[in-house]
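> Before I ask anything, let me first share the structure, which is written out below as structure tokens.
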Amino acid sequence: MTKILFINPNTMYLGQKLTVFPPMGILYISSMLLKAGYDVKVVDADTDNLSFSDIQGVVSEYRPKIIGITMNTLQSRAAFETAEQLKKLNDLKIVVGGPHPSALKGEILKRCEAIDAVVFGEGEMTFLELAKAIEEDRGLDTVKGVCFREDDEIRTNEPREPIADLDQLPFPALHLLNPIRRYPGAYPVGGRPSIQMMASRGCPFQCIFCSNPVWEKRIRLRSPESILSEVKWLRENFKVREVFFQDDTFNIDREWFEAICIGLIEMKLSEKIVFKSPFRANERLVDLDLLKLAKKAGFWMIFYGVESGNQTVLDIIKKNLRLEELVRAFRLTRKAGIKTYASFMVGNPGENRATVQDTINFAKKIDPDYYGFAIAMPYPGSEFYRIAKESGWLKEDVDDYNRNKYILNTPNFGPGEVEELVRYAYESLEGYRNSGMYKLRKNFSGASSLPVQCNDYFPALEPPEVDMLDEEIIMGENDWDVLGPGWYAVENWPPRIRWTGKLATAYLKGGKGAGQLCVRAMTGCEGLKLRVSAGNTKAEAELKSSQWTVLRLSLNDQKRDPRIKVEIEVNRTYVPDEIIKNGDMRSLGVAVQRIWLESTQTNHE
């Protein structure tokens, strides 16, 4: 049978690593192809940090006839460059799919001549038919859901009808990307390995910022039996400890959701796995009884898309929510004992500095456990994108989209203003939550932990199991299960590193013979002080910019715990954009390349 290679493109060389979960779109398509007898291979160039030459080596060895590249808007430049590099050296068919090409179709083929066809909409059935047509050397004109190049003409076929019965789809081919524990999951993570699941497709709501050209508006639900079967399969075959139901509207159908929760409880899956999911906050969709059932079924966190604390902005973006409903949802979720994540946006239509201040004030009012402020992005396929184009606000090509950069020039916001407001929003909430009055109020209310801003991807909330630990952590290699809160996604300089925030934790395997703990770190800000502690022992060093330093901490060998908790702290953080104006709005501490144990006689760096 025809060999087919799928690629998740590497975005790290462009300064942003996007992949935190296995790329499910191509894994679902892979399952369909495997079931039909095709030979399929999947390469995650983003997670494995593969160069173009690395990918070319895979292509030369595997020798596929078709290459499929997944693409969202933030991946578009990497996907185009991957296709161009492969086309130079190989006579093969290159096909792209995903939300970005589904929205733009023929524009993708005009932008990149190396691409032969676009699969738009749901890809499982379409790619299977496309593969058969290529294998049999037939034209693509009869394949629904395909836009393709024929001589000098770009042709777009009629769309494919959405899959009515989602239960007929096989489970995603996760075995093609094992071990899945190398995927960090979406922050915050309640247990690792963490994996995402889609229990439904589609969303009936009309938010203007949402680009949903793949699933469309009509919602389709998998049966509770199919969902529970997949959760069980994930636990038994991949030892999954957290499932993120990534549905747009997981609580849209009460009877369906209750059936899933009851099944998780009866099958005792709630005792082995924790769950999290986005919820709509509408009053008719959320109540205390529903949340209590979710808590019993193992849901530890609910994600609410708040977006704005100004009712006029919510109405403009067609959120179909009242501020009072949001206040109620957060209050009830907290009462049910479930953590909350509030997602805010800055820079939507109708936004100005005053409405951003309203959002900050509202964030303080609802007091979520975790929160994040995102720069509003007009993704192709969304009403926001249409408005931005018609209004002449777009100042960047879609290839240049960056989640840390506002790509519009609107009447209310000039260059750099939205980025500044996002930074101000984080600083405002951090200052508020560091105040003595706030901490006193939280302690008085019996809160077990203080809320945390969400601007990283990696950490798990529970310490790792001892058998996962080693006496050395090399970032990007064996750090999958051993880092706690405070770390940003892996980067490649080289060497591969992770940045910390102000405080980060890690775990090593203890034991006799190791006399000292070592941390190899560097900062981008002159004079920053690094503190490392393990138990009651601490060490401190002042770092110089762009100079690697190894900080050594003497350990007490007596009654050594088999799991050593390492805390890495800096006296202050800095924002790279303030120094080099590169659009990086993260609050960084130090870059850590390696953490290890060694005897006092050894000294290798």
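> Among the listed residues W493, W499, W487, identify the single one that is surrounded by fewer than 19 Cβ atoms within 10 Å (Cβ to Cβ), within 25 Å of R586 (Cα to Cα) and among the aromatic types (F, W, Y). Please lay out each step first, then the result.
Numbers: W499 fails: surrounded by fewer than 19 Cβ atoms within 10 Å (Cβ to Cβ); W487 fails: surrounded by fewer than 19 Cβ atoms within 10 Å (Cβ to Cβ).
Within the list W493, W499, W487, the selection yields W493.
> Any chance you could count how many residues in region 367-421 are under 30 Å from R441 (Cα atoms) and either of a type in the set (S, T, N, Q) or assigned to a loop (DSSP other than H, G, I, E, B) (or both)?
Kept after step one, since they are under 30 Å from R441 (Cα atoms), are these residues of region 367-421: 367-374, 420-421.
Checking which are either of a type in the set (S, T, N, Q) or assigned to a loop (DSSP other than H, G, I, E, B) (or both) leaves us with 367-369.
The total comes to 3.
> Answer with yes or no whether F413 is of a type outside the set (D, E), under 30 Å from A78 (Cα atoms), over 26 Å from the mean Cα position of the chain (by Cα) and not assigned by TED's automatic domain parsing to the domain that holds F344. I'd like the intermediate steps shown before the answer.
Working: of a type outside the set (D, E): yes; under 30 Å from A78 (Cα atoms): yes; over 26 Å from the mean Cα position of the chain (by Cα): yes; not assigned by TED's automatic domain parsing to the domain that holds F344: yes.
Taking the combined requirement at face value, the residue satisfies it.
> Considering region 178-204 alone, what residues qualify as being over 17 Å from the mean Cα position of the chain (by Cα) and over 23 Å from F303 (Cα atoms)? So that I can check it myself, show each step before the final result.
Of region 178-204, the ones over 17 Å from the mean Cα position of the chain (by Cα) are 178-179, 199-204.
Listed by number, the residues that qualify are N178, P179.
> Out of the residues in region 453-476 meeting the condition of being in contact with a Lys or Arg (Cβ under 9 Å, 6 or more places away or on another chain) and modelled with pLDDT under 55, tell me which one is nearest to I375 (Cα to Cα).
Of everything passing the filter in region 453-476, N455 is nearest to I375 (Cα to Cα).
> Could you please give the count of residues in region 228-266 that are within 27 Å of K319 (Cβ to Cβ), among the aromatic types (F, W, Y) and surrounded by fewer than 16 Cβ atoms within 10 Å (Cβ to Cβ)?
Going residue by residue through region 228-266, those that are within 27 Å of K319 (Cβ to Cβ) are 243-258, 260-261.
Then drop every residue that is not among the aromatic types (F, W, Y), which leaves 244-245, 250, 256-257.
The next check asks that each one be surrounded by fewer than 16 Cβ atoms within 10 Å (Cβ to Cβ); those that pass are none.
So the count comes out to 0.
> Residue check: is V356 surrounded by 20 or more Cβ atoms within 10 Å (Cβ to Cβ), farther than 30 Å from V274 by Cβ and in contact with a strand residue (DSSP E or B) (Cβ under 6 Å, 6 or more places away or on another chain)? Write out each step before concluding.
Details: surrounded by 20 or more Cβ atoms within 10 Å (Cβ to Cβ): yes; farther than 30 Å from V274 by Cβ: yes; in contact with a strand residue (DSSP E or B) (Cβ under 6 Å, 6 or more places away or on another chain): yes.
Taking the combined requirement at face value, the residue satisfies it.
> Name the one entry in M71, M1 that is of a type in the set (A, V, I, L, M), touching a His at 6+ places or on another chain (Cβ under 7 Å) and more than 18 Å from G476 (Cβ to Cβ). Before the answer, list the steps.
Working: M1 fails: touching a His at 6+ places or on another chain (Cβ under 7 Å).
Step by step, each of M71, M1 is checked, and only M71 is of a type in the set (A, V, I, L, M), touching a His at 6+ places or on another chain (Cβ under 7 Å) and more than 18 Å from G476 (Cβ to Cβ).
> Checking Y28 against (1) closer than 25 Å to I154 by Cβ; (2) in contact with a Phe, Trp or Tyr (Cβ under 9 Å, 6 or more places away or on another chain), which single condition isn't satisfied?
Only one criterion is unmet by Y28, namely (1).
> Can I ask one more? Condition first: among the charged types (D, E, K, R) and touching a residue at least 60 places away in the same chain (Cβ under 8 Å). Now tell me which residues in region 377-415 satisfy that.
The first filter runs over region 377-415 and keeps only residues among the charged types (D, E, K, R), leaving 383, 386, 389-390, 395-397, 399-400, 403, 405.
Within region 377-415, E383, D399, D400, R403, K405 meet the criteria.
> So, in region 22-69, of the ones that are assigned to a loop (DSSP other than H, G, I, E, B) and of a type in the set (A, V, I, L, M, F, W, C), which residue ends up surrounded by the fewest Cβ atoms within 10 Å (Cβ to Cβ)? Steps first, please.
Start the filter on region 22-69 by keeping residues that are assigned to a loop (DSSP other than H, G, I, E, B), which leaves 22-23, 36-38, 45-51, 63-65.
Filter again for of a type in the set (A, V, I, L, M, F, W, C), leaving 36, 45, 50.
Numbers: A36: 12, A45: 23, L50: 21.
Filtering first and then ranking leaves A36.
> Can you tell me which residues in region 542-551 are crowded, with 16+ Cβ neighbours inside 10 Å and within 21 Å of I564 (Cα to Cα)?
L551
> Can you report the number of residues in region 143-171 which are assigned to a loop (DSSP other than H, G, I, E, B) and within 20 Å of S102 (Cβ to Cβ)?
So the first thing to find is which residues in region 143-171 are assigned to a loop (DSSP other than H, G, I, E, B), and the list is 143-145, 151-152, 157-165, 169-171.
Now restrict to residues that are within 20 Å of S102 (Cβ to Cβ): 143-145, 157-164, 169.
Number of matching residues: 12.
The values are calculated or read from the model by the stated rules, or taken from the named source; none is laboratory data. Note that the coordinates shown come from a computational prediction; the quantities given were computed from them, not determined experimentally. Cβ sites come from the backbone with ideal geometry, for glycine too, and all protein chains shown count toward neighbours.
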